[in-house]
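I have placed the structure first, in the form of structure tokens, so that the comments after it can refer back to it.
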Amino acid sequence: MYSAKELIDQIRINPNLVGTKSVFCLKAFFDGWYFRKVPPVSEAYLEYKFQSWIEEKLEAGPHCTCSWARIICLVNQDEYDAFFHFFELFDRFYQEVDLQAYEEVPYSRVAPYDHYSIEALLEKLQTRTPMYIGHNTLTCLDSFLRGWYLRDPDGITDWHIMEGFESWLIAKNKFYPGPPSWQKIISYYSSNYSPGLFHFFEEYNEYIQTIKKQ
């Protein structure tokens, strides 16, 4: 399992790990990675110290309620440029801030769900999706799930559900002309925003009911 710093270095080399090169998707990716909670990690600084550092360095103001992703986006042309600016800022942060206290304190808060089940995760996300993924888009949902998966791929008990869902969706939309991806198929027929998220869970629930009847 990667540490937060190692994962950032891997994403720097291969941005496709996140799915979409967007600072909001990057944050959703790490939200998913931290949300998993197990195996435990000892690097909570990306969730806590980095946020306050960004607020100070980019002069967000004392009453700022924006996420670090939103703040970085505000000083860039778009979320794509902000994605790459993140790595420059993180390097400065890592050099300037004493992270020892954050590295020594295990991040042990536990959410009430099965940390090894994608079905349990999606059931939880369905209740208040934007609260968990940060930005109300299909691409952020995709990135959140990627981060959650990479926390411990070998420990997931039912990832075959997502693989089966994607195959089922491809077969159902046989005339779709683009890349074979659940996120791109749903975006093509719906939208990347709220309607697309609603459509995702509609299709996913239909798939779950279908396999339970078999």
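What follows draws every value from the coordinates through simple rules; no lab data is involved. Values in this document were obtained by computation on a predicted structure and should not be read as measured data. Heads up, the Cβs are rebuilt from the backbone with ideal geometry, glycines too, and the neighbour counts pull from every protein chain shown.
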**Test item: Cα-centred dipole of the chain, Lys/Arg +1 and Asp/Glu -1 on Cβ, debye** = 620
**Asked** Lys/Arg Cβ at +1, Asp/Glu Cβ at -1, dipole of the chain taken about the Cα centre: which of 20, 167, 137 is farthest positive-ward?
**Response** 167
**67, 22 arranged by Cβ crowding within 10 Å, fewest neighbours leading** = 67, 22
**Prompt:** FRET efficiency for residue 94 and residue 157, Cβ-Cβ distance as r, R0 = 41 Å, nearest 0.05?
**Reply:** 0.75
**Message:** Over the chain, how many pairs of lysines fall under 17 Å by alpha carbon, counting only those 8 or more apart in sequence or from different chains?
**Reply:** 10
**Message:** Projecting each Cα onto the charge dipole of the chain (Lys/Arg +1, Asp/Glu -1 at the beta carbon, about the Cα centre), which of 196, 66, 89 comes out farthest on the positive side?
**Reply:** 196
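Order of 17, 7 from fewest to most other C-beta atoms within 10 Å? Numbers along the way, then the final one.
Working: 17 16, 7 21.
Listed from fewest to most nearby Cβ atoms, that is 17, 7.
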**Message:** About the Cα centre, and with charges only on the beta carbon of Lys, Arg (+1) and Asp, Glu (-1), how big is the dipole of segment 137-201? Nearest 20 debye, please.
**Reply:** 300
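Mind sorting 137, 210, 65 by how few other Cβ atoms lie within 10 Å of their own Cβ, fewest first? Please report the intermediate quantities before stating the final value.
Details: 137 25, 210 12, 65 7.
Least to most surrounded, the residues fall as 65, 210, 137.
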**Message:** In the chain, once you exclude exposed trypsin sites (Lys or Arg not before Pro) (DSSP loop, at most 13 other Cβ within 10 angstrom), what's the longest stretch remaining?
**Reply:** 1-108
